[in-house]
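Visitor: If you scroll down you'll find the structure; I have some questions about it.
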Amino acid sequence: MIADTGPLVTLFDRRAGHHAWVVDQYRQMHDPVFTCEAVLTEAAFLMRRDGLNPEWLLESVQRGAVRCEFDLASEMEAIRASFRRYDGQAISIADASLVRMCELQTESVIFTLDHDFLVYRRNGRQKIPLIAPFA
């Protein structure tokens with residue numbers, strides 16, 4: 001399972017609209033969730049902005065519940081290709097990294113609240129499997 005920014009923030013925000021759904025999804029997971037540093041950066045920023053403590057997220061990483069295993073430097077060309085491909089949609093480094101992670105981990109799904117993942121494709125034209133409230 002690859003986690004996007006939305007579920008990571010919403011997990012800690014009891015006021016968020018999808019909080020109960022996100023908590024339920026996490027309870028069903030048996031393995032850690034994977035993400036990238038760009039997602040952690042976005043999530044920490046949003047948590048701080050919303051009055052939440054971003055250290056909660058870092059504690060999840062430290063405990064191993066969230067694992068960050070993506071090397072942006074070695075995947076730079078793939079990320080740049082995503083920027084060119086989704087030029088009109090302004091894909092973020094975080095989203096492009098998650099798409100690339102999904103390409104590298106072929107059995108993975110992306111856990112998201114972001115409708116943009118309905119548009120993004122892995123390996124050119126393959127639909128990305130999602131766990132999302134709209135999927």
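The values are calculated or read from the model by the stated rules, or taken from the named source; none is laboratory data. Predicted, not measured: the structure shown is a model, and the values here were computed from it. Here Cβ is always computed from backbone atoms with ideal geometry, including for glycine, and neighbour counts include all displayed protein chains.
Visitor: Only residues that are in a helix (DSSP H, G or I), closer than 19 Å to residue 67 by Cβ and among the charged types (D, E, K, R): list them for the stretch 1-45, please.
Guide: 27, 37, 42
Visitor: Residues of the stretch 77-135 being assigned to a loop (DSSP other than H, G, I, E, B), crowded, with 17+ Cβ neighbours inside 10 Å and over 15 Å from the mean Cα position of the chain (by Cα), which ones?
Guide: Of everything in the stretch 77-135, just one residue is assigned to a loop (DSSP other than H, G, I, E, B), crowded, with 17+ Cβ neighbours inside 10 Å and over 15 Å from the mean Cα position of the chain (by Cα), namely 86.
Visitor: So, of the residues in the stretch 12-47 that are within 15 Å of the chain's Cα centre (by Cα) and among the charged types (D, E, K, R), which turns out to be surrounded by the fewest Cβ atoms within 10 Å (Cβ to Cβ)?
Guide: 37
Visitor: Another question, then. Pick from the stretch 93-118 the residues that are touching a helix residue (DSSP H, G or I) at 6+ places or on another chain (Cβ under 7 Å) and without any contact (Cβ under 8 Å) to a residue 60 or more places away in the chain: which of them is farthest from residue 37 (Cα to Cα)?
Guide: Per the criteria, the residue is 116.
Visitor: Another question, if that's okay. For the stretch 93-135, give me each residue that is under 24 Å from residue 24 (Cα atoms) and of a type in the set (D, E, K, R).
Guide: Within the stretch 93-135, 95, 107, 114, 116 qualify.
Visitor: Would you confirm, using the coordinates I've provided, whether residue 54 is without any contact (Cβ under 8 Å) to a residue 12 or more places away in the chain and closer than 18 Å to residue 4 by Cβ? Lay out the reasoning, then the answer.
Guide: On the way: without any contact (Cβ under 8 Å) to a residue 12 or more places away in the chain: yes; closer than 18 Å to residue 4 by Cβ: yes.
When the stated conditions are applied, residue 54 passes them.
Visitor: If residue 59 passes every condition in (1) surrounded by 12 or more Cβ atoms within 10 Å (Cβ to Cβ); (2) touching a Lys or Arg at 6+ places or on another chain (Cβ under 7 Å); (3) among the charged types (D, E, K, R) but one, which one does it miss?
Guide: Among (1) surrounded by 12 or more Cβ atoms within 10 Å (Cβ to Cβ); (2) touching a Lys or Arg at 6+ places or on another chain (Cβ under 7 Å); (3) among the charged types (D, E, K, R), residue 59 violates only (2).
Visitor: Separate question: Give 110, 79 a once-over and let me know the one that is at pLDDT 95 or above and within 15 Å of residue 3 (Cβ to Cβ).
Guide: On the way: 79 fails: within 15 Å of residue 3 (Cβ to Cβ).
Unique residue meeting the criteria: 110.
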